[in-house]
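Enquirer: The structure follows.
Every read-out reported here was derived from the displayed coordinates using simple, explicitly stated rules and does not represent laboratory data. Not measured: the values here are computed from a predicted model. Cβ atoms come from the backbone with ideal geometry, glycine included; neighbour counts cover every protein chain shown.
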Amino acid sequence: MDLRVRLTLALALVFSLTLAAGCAWLLADTRRAVRDELVASTELATTLLGGMIALDDDPLDADRVSALAARLSRDPAIRHLRFEVQPTSDAAPGPQPARAARRAAPAWFAALVSPDPAELVHEVGHAGGRIVVRAAPDDEVAEAWRETRTSLTVIASLCVGALLLVFLFLGRALRPLRELSAALVGIEQGEYHTRVPPVGLSDIDTITARYNHMAGALAASHADNLALTERSLEIQEQERRHLARELHDEMGQSITAIKALAVSIRERAATHEPTLAERAATITDVSSDIYARVRRMIASLHPVVLDELGLVAALEQMVDDWNSYHGDCFCRLETERDLPPLNAAARIGLYRIAQEALTNIARHAAAGEARLTLARAPRGGVRLEVSDDGQGFEPATRRRGLGLTGIAERVATLGGSLELDAAPGAGVRLCVTLPAPPVMQGAMELA
């Protein structure tokens, strides 16, 4: 539950408790008002009726008393009363005045506000019997219910409106916090350039200012790390190129010289010293094997074909070498013909990424087939995809090794994006996309 809903519910609870207390006070006050109104009406009617009987010189009979009670019941100053004419025990009761029916209040409201019935009864005696003045609370309760219902409806509407306004205000007031939360998610995903603007609230502005300062520091640190990584990779490639050249020039020539001497010794000793000729042949074979290993080392350190023929030819040679030494896992290469031009950094970066991905497949995948795909990206640039049908893994629970970390660093320095899809038993798919600007614009070089 977010903070906005929680605060709104807390205010709704406060409003509900306040409304409940107000309803209790309103019901108690309504009960007092109903009781006072009925008691006052009953006492007034009793006083008037007694005065009228006392001032009348003629003796009262049952008919005259009933007529008098009916006249009083029609008096607008005397409301909510019922007059019951009770004659002497040997006479029949007189007729009772008819009353118009009104809409009654709910039973629970009438039970809460109706006064004690004993307080609402008065008697007036006369020669022909007596008149019982009894207050009828139904009309007064119904009127009180209409007034109370109107008041409660207005109060409840105001509470609902206030809660709605509070909800809208909280949504506006807490929007910077939601923006800050989204910015923090962006920081987690490597988006360091998002800034949160101030909103005029000192507390929130302090938090956003500190976040903006942190994001700026992280952006600068990330840029420095990318520059250092790029420089480190550049130095690494230079060292590999230098070492490959040294192996080719120094060790290659030395091994070639050793092989040439061994061949010469073998030819001269073939007739007179067969043992020496055999040993010379062994030296020749060992020299050839060492030379082949050195060539593979040179190709691994820095493939010359990458500089001379481009990325596609270098990947083809890599895949051919892979299939020669990995009989249990066949690798397929698919490339598009119309690829965008690549600069030297992009070519060597994609080559190393493919090389590292195939190394990971050989070490961890236990796959029967691997696939390399080099194609044009949908929005420009180039896309390299490496996949296998091996055992896979769960990305959320498995820590990245040095291979994937190195691939991610290379992709970051090239300004590209990296996607990794993996699942236990479903293999691994690694997709690298390099944008066209600014990495691959500039000098038109072969892919």
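Enquirer: Any idea what % of Cα-Cα pairs in segment 309-447 are farther than 25 Å?
Expert: Working: 2283 of 9591 pairs.
Here the tail beyond 25 Å accounts for 24 percent of pairs.
Enquirer: How would you rank 428-435, 373-380, highest first, on the average number of other Cβ atoms within 10 Å across their residues?
Expert: Working: 428-435: 20.5, 373-380: 14.1.
The densest-packed peptide leads the list: 428-435, 373-380.
Enquirer: Ordered by packing density, taken as the mean number of other Cβ atoms within 10 Å over each peptide's residues, highest first, how do 299-310, 19-30 rank? Display every interim value, and only then the final one.
Expert: Working: 299-310: 16.8, 19-30: 13.6.
Final packing ranking: 299-310, 19-30.
Enquirer: Relative to the present Cα-Cα distance, how much length would full extension add between Leu3 and Asp249 at 0.36 nm per residue of separation?
Expert: 81.5 nm
Enquirer: Of Val294, Val154, how do they rank once you tally other Cβ atoms within 10 Å and put the fewest first? Mind dumping the intermediate values first?
Expert: On the way: Val294 17, Val154 10.
Going from least to most buried by this count: Val154, Val294.
Enquirer: Next up: Remind me, relative contact order of segment 216-370 in percent, using alpha carbon pairs under 8 angstrom and six or more residues apart?
Expert: 19 percent.
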